[in-house]
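Notes follow once the structure below has been shown.
The values are calculated or read from the model by the stated rules, or taken from the named source; none is laboratory data. Bear in mind that the values here come from a model prediction, so they are computed numbers and not experimental data. A quick note on method: Cβ atoms are made from the backbone with ideal geometry, for glycine too, and the neighbour counts reach across all protein chains shown.
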Amino acid sequence: MATRNFVQKEAGTITYQLREKHDLRGEANTDNPALAVSVVGGRTVTAEELAKEIAASCTIKEADVAGVLTALSQRVQSTLLDGNRVELGAIGTLSVTLTCGNKRRADKVKAHDISVRRISFSPSKELSKAMRGAKIVSAGPIRTKHLTDEEITTRLTSHFATNDVLYRSEVESLCECSRYRAMQIINALIEAGKLRAVGRRNSRHYTPIEGHFGK
């Protein structure tokens, strides 16, 4: 059976934005300035959206695609839990990375000292080649903003109008701020009872509490 070339014939476009890095007090280092670059306008594509897009490009029904995606996620989880790696074709490979905490001597390490540090992803050669072909464009001059609470609410409300979850990286883009400032915003909203954290550290995302951000 013939297969399609994984690499896109026409590269997509990734828009970036530059920001001045700030210290924990929110101040820029004028003596030794540094820049951070991030993707602008990117969003999280849900499994439901993927199912619709895949179904639209082939003869498989959307419900069947959704079922396969659900089964795939379950099999990936069970495979990783067995200590195995998962190769997802031309996408890449998932594997488990362990940590023994602050232990420095092997004879002092016990099984209960070992834990999963993160799920690692290694992109395939095909995916890496495709991404190298992406067109990179600037979103404009360097912007460093400190939004008001009302402006933050407006931007997050707009985000949640088309998305069910929010990631820290998306807060950085939406609020045009640093990673540190994004976490400040998120923690303040959690403390105010407007957002809730879901998932563990390496896969954590946030959902609005009923009555906030248009939900």
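Given the residues Thr162, Thr157, which is the only one that is without any contact (Cβ under 8 Å) to a residue 60 or more places away in the chain and at negative phi?
Details: Thr162 fails: without any contact (Cβ under 8 Å) to a residue 60 or more places away in the chain.
After ruling out the rest, the residue left standing is Thr157.
For region 93-150: of the residues being within 30 Å of Asp82 (Cβ to Cβ) and basic (Lys, Arg), which is surrounded by the fewest Cβ atoms within 10 Å (Cβ to Cβ)?
Filtering first and then ranking leaves Arg105.
Does Gly41 count as surrounded by 10 or more Cβ atoms within 10 Å (Cβ to Cβ), at positive phi, in contact with a helix residue (DSSP H, G or I) (Cβ under 8 Å, 6 or more places away or on another chain) and not aliphatic (A, V, I, L, M)?
Working: surrounded by 10 or more Cβ atoms within 10 Å (Cβ to Cβ): yes; at positive phi: yes; in contact with a helix residue (DSSP H, G or I) (Cβ under 8 Å, 6 or more places away or on another chain): yes; not aliphatic (A, V, I, L, M): yes.
For Gly41, the condition - surrounded by 10 or more Cβ atoms within 10 Å (Cβ to Cβ), at positive phi, in contact with a helix residue (DSSP H, G or I) (Cβ under 8 Å, 6 or more places away or on another chain) and not aliphatic (A, V, I, L, M) - is met.
So, in region 10-49, how many residues would count as being among the hydroxyl-bearing types (Ser, Thr, Tyr), assigned to a loop (DSSP other than H, G, I, E, B) and at pLDDT 75 or above? I'd like the intermediate steps shown before the answer.
In the first step, residues of region 10-49 are kept if they are among the hydroxyl-bearing types (Ser, Thr, Tyr); the result is 13, 15-16, 30, 38, 44, 46.
Applying the additional criterion that residues be assigned to a loop (DSSP other than H, G, I, E, B) yields 30, 44, 46.
Retained after the next criterion (residues that are at pLDDT 75 or above): 44, 46.
Matching residues across region 10-49 total 2.
Check whether at least one residue in region 175-186 is touching a strand residue (DSSP E or B) at 6+ places or on another chain (Cβ under 7 Å), surrounded by 14 or more Cβ atoms within 10 Å (Cβ to Cβ) and among the polar types (S, T, N, Q), and report yes or no.
Yes.
If you scan region 58-90, which residues turn out to be in a helix (DSSP H, G or I), among the β-branched types (Val, Ile, Thr) and closer than 17 Å to Ser122 by Cα?
Filtering region 58-90 for residues in a helix (DSSP H, G or I) gives 62-81.
Still in the list and also among the β-branched types (Val, Ile, Thr): 65, 68, 70, 76, 79.
Selection gives Val76, Thr79.
Here's the yes/no breakdown for (1) touching a residue at least 24 places away in the same chain (Cβ under 8 Å); (2) more than 16 Å from the chain's Cα centre (by Cα):
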site	(1), (2)
Tyr167	yes, no
Ala182	no, no
Asn187	no, yes
Arg200	no, no
